[in-house]
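Okay, structure first, notes after.
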Amino acid sequence: MKNKTKRIVPLFTAFTFITAAVTFAHNPNGKADPMNASLEALNGSEFEQSFLQQMIQHHRSGIEMAKFASDHTSRAELRQFSEKMMSKQQAEIDKMTGWLKSWYNASPKEVANEAADKDMKMHMSMLNGKKDSDFDKAFLEMMPKHHHGAVEMAEQAEKKATHAELKELAATMAKDQQAEIKQLKDWAQSWFGPA
């Protein structure tokens, strides 16, 4: 009996750590991302509707963050990055809004996830108060985290969406945003050194 217990305890400990790592994978601060957490239990049309509503909200907030770059940074790279990102995400919002209407006869909600909206407002006020290199540092830290949440949502949609065109869009989003995360992290490293 003692031998069995000796084997079970390390297994249980390992399982606990793995479970905790998966649970907290959404956010580097150890707090689960509210959008991803709300989608995890959903499937089928319920998942799709919630995903579309929340990804539209997520993109809108990303666009709001990117707008600050026009007059808060002096770096042309960040301004161009933000312009391109806003254009791409607006096109995706338009596509997802069309699908919500044609598949589910619904319109985008003003706020699809209250907790995420609250977090976003806090980040916006932090960004808005910064200029030049202070803004650049904050933007290069916040935008990859914001994108990371979208990548995880898109990965859920690749697995759980029922419409092929939504799966395809989700795969494109995940790929594009991972490339953007890499670009932002490369700039952070070259402009400001190791984190």
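Checking the conditions here, which among Lys130, Lys167, Lys145, Lys182 is part of a helix (DSSP H, G or I), basic (Lys, Arg) and farther than 19 Å from Met35 by Cα?
Lys182
When you scan the range 31-119 for helices (runs of 4 or more DSSP H) that lie fully inside it, which ones turn up with 3 or more residues that are at pLDDT 95 or above and open to solvent by 50 Å² or more (accessible area, probe 1.4 Å)?
44-67, 76-104
Exactly one condition in (1) open to solvent by less than 70 Å² (accessible area, probe 1.4 Å); (2) at pLDDT below 95; (3) not β-branched (Val, Ile, Thr) is false for Met122; which is it?
Of (1) open to solvent by less than 70 Å² (accessible area, probe 1.4 Å); (2) at pLDDT below 95; (3) not β-branched (Val, Ile, Thr), only one is false for Met122: (1).
Scan the range 126-154 for residues that are of a type outside the set (D, E, K, R) and under 16 Å from Glu77 (Cα atoms) and jot them down.
Across the range 126-154, the qualifying residues are Ser133, Phe135, Ala138, Phe139, Leu140, Met143, Pro144.
If we scan the range 177-193, do we find a residue that is on the phi > 0 side of the Ramachandran plot and either out of contact with any Leu (no Cβ under 7 Å at 6 or more places or on another chain) or buried (at least 18 other Cβ atoms within 10 Å of the Cβ) (or both)?
Yes, the conditions are met somewhere in the range 177-193.
Quick one: which of Ala171, Ala164 is of a type in the set (A, V, I, L, M) and either open to solvent by less than 30 Å² (accessible area, probe 1.4 Å) or free of Cβ contacts under 8 Å to residues at least 12 places away in the same chain (or both)?
Exactly one of Ala171, Ala164 is of a type in the set (A, V, I, L, M) and either open to solvent by less than 30 Å² (accessible area, probe 1.4 Å) or free of Cβ contacts under 8 Å to residues at least 12 places away in the same chain (or both), namely Ala164.
If you go through the range 58-76, how many residues are free of Cβ contacts under 8 Å to residues at least 24 places away in the same chain and either over 22 Å from Asp117 (Cβ atoms) or touching a Cys at 6+ places or on another chain (Cβ under 8 Å) (or both)?
The number of residues fulfilling the criteria is 3.
Regarding Phe139, is this residue of a type in the set (Phe, Trp, Tyr) and crowded, with 18+ Cβ neighbours inside 10 Å?
Yes, satisfied.
The values are calculated or read from the model by the stated rules, or taken from the named source; none is laboratory data. This is a predicted model, so every value here is computed, not measured. Cβ atoms come from the backbone with ideal geometry, glycine included; neighbour counts cover every protein chain shown. What goes into the accessible areas is simple: the full protein's heavy atoms, side chains included, and nothing from ligands, DNA or RNA. Shrake-Rupley method; radii C 1.70, N 1.55, O 1.52, S 1.80 Å.
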